[in-house]
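Engineer: Starting off with a structure, shown below.
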Amino acid sequence: MCGIVGYVGGRPALGIVLEGLRRLEYRGYDSAGVAVVAADELLTEKRAGKLAILEKALAEGDIAGIAEGTSGIGHTRWATHGGPTDRNAHPHLARDSRVAVIHNGIIENFAKLRAQLEADGVEFTSETDTECVAHLLAREMVTDGAQGLADAMRRVCRLLEGAFTLLAVSADAPGAVVGARRNSPLVVGRGVGENFLASDVSAFIEHTREAVELGQDQVVLITADGIEITDFDGEPATGRDFHIDWDASAAEKGGYDYFMLKEIAEQPQALADTLLGRLKENGDIVLDEVRLSDQDLRDVDKIFIVACGTSYHSGMAAKYAIEHWTRIPCEVELASEFRYRDPVLDRSTLVVAISQSGETMDTLMALRHAKDQKARVLAICNTNGSTIPRESDAVLYTHAGPEIAVASTKAFLTQLVACYLVGLHLAQVRGIKYADEVAAVVEQLQRMPGKVREVLETMEPVRELARSLADAKSVLFIGRHVGYPVALEGALKLKELAYMHAEGFAAGELKHGPIALIDEGCPVVCVVPSPAGRGVLHDKIVSNIQEVRARGARTIVIAEEGDTAVEPYADHLVRVPRTPTLLAPLVTTVPLQVLACEIAATRGHDVDQPRNLAKSVTVE
Ligand code: M6R
C-alpha cells in the first residue's frame, strides 16, 4: 500500500527520492515524508496530505544541507495504524533522531512490543505500529556504521510478526540504506556508483532497468558500490535478478490529463502484447513460467479462481469460457473470503490467483492456504518480481505495462485474455480441444485489440452522456451471463471514482428485490449479450430492459452493432463491435470505464487517486 524509496550514491538523494515517491504516490497518498543523511546528520520532513504538501514544506523549510545529502529514504502512506496526521507520517525517528525508519505493512505484535518499550521508558510520539521498529532499531544498533545498522535490522526483524517492508537510515551509518522484507514487496535497483530500493520498480526506472527482487525474510544493505543480501539470521542470500522491459515514459501521463485515460487508451496495445507469442507453431499455448507437468494439469478436476476487486470480476467473466472450453467445474471466490470457509482442496485442484500488482495480501493469503492444502497454483499477474507469481507453480504475465491509476482498466482486459489462454491451455493438454480449435479462438482473440480500438474511437457520445449523469443519485448496472460481471465492474468503477451509489445486478435477479430501487429517471446501464450467441439470453435481457423502463428508468444500453431489437427500449444506445459471446466483456467493459472516468472528472474528483483507496492493497 505505502510507497517506499531509498537511494545511495554520488548524487543528491532528495530529488531522486521525491521523484521516486511521485511515481509511487498511487500506492498511498495520505501523507509523505523523507529522511536524508547529510554530513553525519539526519534531516527529515514529513507531512499529512499528498506529496505536493511535503514538497511545499521542504521548499519553505529550506532545511540546511538536506538538498546535498547523498543517501536517503522516502515514504508515501496509506494509513493503517493511526490517522493521516503529520505525527503519524513516516519516517519515524529514534536514537535522538539519528535513526529513521519507513514501513509498508502491518506489525501484528506491535502492541506487545510497544508495551515492552514503554515499560523500558521509551516515549512514543505517534499512534503507528512503525514507531516501535524505530525504537527497537535504535536499541539494537550496538555498533555504528553500515554493518551495525544491518545487524540491528536483522535482530529487529526476528522480533516482528506480520507483514513489512522496512527501510532505515542512520546518521551513524552514512552512505548506507538498509531494507528488509516479509510478505511485502521490496526491489533493489542496480545502478553504477549508486543503488536504489523501492516498493516497485517504477520508482527508479528512470535511473536503471536492472533490478533484484528480494526474497522472503531477507535483509539488504545498499551502499553506492554494493548490494549485500542476507536472511534474518545474517546468512548470505540472493535475490532474483531481472531486467525491466518497459521504460520511464511508460510510467508518465504522456499528454493525458489522467493516468486512467492513458491506460484506457493503451488497452488495444496491452491486449496485443499479452497475446504476443502465445501460440506456438504446433498450436500449443505458451504460459510464462510453468513448474507443473502436463500430467498435473490433466489431473485437475476443479478450478478455483481467487482474486479481489476488478481482478475478481475478470475471473467471474472468464469462468464462462473456462468451464465451456475445459468442462472442468470452475468457482470464482473473493480471495478475502476463500480461506475462512475451509474450501475443499487437494492435489487435483487448480487455484488461479489473479492480481495486477501481485502483492494483494488477501490474494496472497488465499494462495498460501491453497498451497498448504496441496492444491496447484497458477498466477495471472502484471508485475514481474512480485510475490504472488513467485509463490505460484505456474505464471502467465499480462503484459499491460505499468498501471498507475488506482482504478484498474487495462489490467482487467489483459487478465481476461490471460484467463482465456489458461482455459485454452487446459483444454489442449487434456485433449478436449484440437490444435486447430485452439488456434481459431486465438485468432478471434487476436482481433480483439482492433475491436477495442474501434470502441475507443466512438466514445465521445459516452463522455457527453456521462456529463449529463454527473448529478444522478444512483446508477444501476444490469447484465446476464458474461454481462453480469461486466455490470459489477461498471458499478465498481463508478463507486471508486465518482463516489456515487452504484450497483451491479444479474438482470434476472431484479425482480427478486432490486427493481424496487428504480424510480423516475434512475439511470440503468444494460449490458446486452450478442443476439448471435444464445438467443434466449438476449431475449431475456431485452425483457429486463423493458421492465426497468416501464418503471421510469433512463436506459443506457450497451449492445452489439446490428442488434436492432434493443433500439425501441434504449434511451441511449452505445454500440460495440460484433464479438463472440464469451469474449464480449473485452468490448462491453470499455464504455463503462469511460463513463465512470468522465463522471468522476465532471464531479471534480481526482480520477487517479480516489479518496480512501490505494493501488496495491498489502494488508488483509
Ligand atoms: O493488484 P490486484 O489486481 O490484486 O488488486 C485487486 C483490487 O484491489 C483492485 O482490482 C481494485 O479493486 C481496483 N482499484 C479496482 O479498480
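Engineer: Using 1/(1 + (r/R0)^6) with R0 = 41 angstrom and r between the beta carbons of ASP471 and GLU443, what's the FRET efficiency to the nearest 0.05?
Structural biologist: Computed FRET efficiency for ASP471 and GLU443: 0.35.
Engineer: If you don't mind, there's one more thing I want to ask. Add +1 for every Lys or Arg and -1 for every Asp or Glu among the other residues with Cβ under 13 Å from the Cβ of ALA440, and state the total.
Structural biologist: Computed value for this residue: -1.
Engineer: Under the definition of Cα pairs under 8 Å and six or more residues apart, what whole-number percent is the relative contact order of segment 279-446?
Structural biologist: Result for segment 279-446 is 28 percent.
Engineer: On to the next question. With contacts defined as alpha carbon pairs under 8 Å and 6 or more residues apart, what's the relative contact order of the chain in percent?
Structural biologist: It comes to 12 percent, rounded to a whole number.
Engineer: What list of ³J(HN,Hα) values in whole Hz, one per residue of segment 361-367 in order, does the Karplus curve 6.51 cos²θ - 1.76 cosθ + 1.60 (θ = phi - 60°) give from phi, with Gly and Pro shown as x?
Structural biologist: Per residue, the Karplus-derived 3J(HN,Hα) values read 5, 4, 6, 4, 5, 5, 4 Hz.
Engineer: Suppose every Lys and Arg Cβ carries +1 and every Asp and Glu Cβ carries -1, with no other charges. What dipole size does the chain come out with about its Cα centre, to the nearest 20 debye?
Structural biologist: The calculation lands at about 1440 debye.
Engineer: Can you classify segment 158-254 as rounded, prolate or oblate using the Cα gyration tensor, where a ≥ b ≥ c are the square roots of its eigenvalues, rounded means a/c under 1.5, and otherwise it's prolate if a/b beats b/c and oblate if not?
Structural biologist: Prolate is the answer for segment 158-254, as a/c is 1.5 or above and a/b outweighs b/c.
Engineer: Which of the listed residues, ALA379, VAL351, ILE432, is farthest toward the dipole's positive end in segment 279-446, when Lys, Arg count +1 and Asp, Glu count -1 at the beta-carbon?
Structural biologist: Looking along the dipole axis, the top candidate is VAL351.
Engineer: How far is helix 309-326 tilted off the main Cα axis of the chain, in degrees rounded to 10, range 0 to 90?
Structural biologist: 50 degrees
Engineer: Any of LYS50/LYS262; LYS371/LYS493; LYS280/LYS302; LYS302/LYS615; LYS50/LYS615 with alpha carbons more than 24 Å apart? Name them for me.
Structural biologist: Long pairs (Cα-Cα over 24 Å): LYS371/LYS493; LYS280/LYS302; LYS302/LYS615.
Engineer: Roughly how many Å is it from the Cα centre of segment 452-521 to that of segment 294-327, as a whole number?
Structural biologist: Segment 452-521 and segment 294-327 have Cα centres separated by 26 Å.
Engineer: Could you give me the radius of gyration and the Dmax of segment 279-446, taking only the C-alpha atoms into account and expressing both in angstrom?
Structural biologist: When restricted to the Cα atoms of segment 279-446, Rg and Dmax are 14.6, 44 Å.
Engineer: Sort segment 3-255 into rounded, prolate or oblate with this rule: let a ≥ b ≥ c be the square roots of the eigenvalues of the Cα gyration tensor; rounded if a/c is under 1.5, and if a/c is not under 1.5, prolate when a/b is larger than b/c, oblate otherwise.
Structural biologist: Verdict is rounded for segment 3-255.
Engineer: How large is Rg/Rh for the chain, to two decimals, with Cα atoms and a Kirkwood Rh?
Structural biologist: My calculation of the ratio gives 1.00.
Engineer: What are the aspartates and glutamates whose alpha-carbon lies under 17 Å from the alpha-carbon of LYS473, with same-chain residues fewer than 8 places away excluded?
Structural biologist: Partners found: GLU496, GLU503, ASP519, GLU520, GLU598.
Engineer: In addition: In debye, nearest 20: dipole of segment 220-313 around its Cα centre with unit charges on the Cβ of K, R (+) and D, E (-)?
Structural biologist: I would put it at about 500 debye.
Engineer: Return the whole-Å distance between the Cα centroid of segment 46-70 and the Cα centroid of segment 587-620.
Structural biologist: Using only Cα atoms, the two centres lie 29 Å from each other.
Engineer: Over the Cα atoms of segment 50-143, how large are the radius of gyration and the largest Cα-Cα distance (Dmax), in Å?
Structural biologist: Just the Cα atoms of segment 50-143 yield Rg and Dmax of 14.3, 39 Å.
Engineer: Right, here's the next one. Would you work out the relative contact order for segment 3-255, in percent, from Cα pairs under 8 angstrom that are 6 or more residues apart?
Structural biologist: Here the relative contact order equals 20 percent.
Engineer: Follow-up. Would you please give the FRET efficiency between ASP257 and GLU127, computed as 1/(1 + (r/R0)^6) with r the Cβ-Cβ distance and R0 = 41 Å, to the nearest 0.05?
Structural biologist: 0.65
Engineer: Among ALA211, GLN269, GLY239, flag the residue with its Cα farthest along the positive direction of the charge dipole of the chain, charges on Cβ as +1 for Lys/Arg and -1 for Asp/Glu.
Structural biologist: Value computed over the given set: GLN269.
Engineer: Cross-link partners among lysines for LYS540, C-alpha distance below 17 Å, same-chain residues fewer than 8 apart left out?
Structural biologist: Answer for LYS540, where 17 Å is the Cα cut-off: LYS511, listed by chain and number.
Engineer: What is the dipole size for segment 279-446, taken about its Cα centre, with +1 at each Lys and Arg Cβ and -1 at each Asp and Glu Cβ, in debye to the nearest 20?
Structural biologist: 200 debye
Engineer: Stokes-Einstein at 37 °C, 0.692 mPa s, Kirkwood radius from Cα pairs: D for segment 430-510 in µm² s⁻¹?
Structural biologist: For the chosen part, D equals 213 µm²/s.
Bear in mind these aren't lab numbers, they're just calculated from the coordinates by the rules spelled out. Note that the structure is a prediction, hence the values are computed from the model and not measured. Neighbour counts are summed over all protein chains in view; Cβ atoms, including those assigned to glycine, are modelled from backbone coordinates with ideal geometry.
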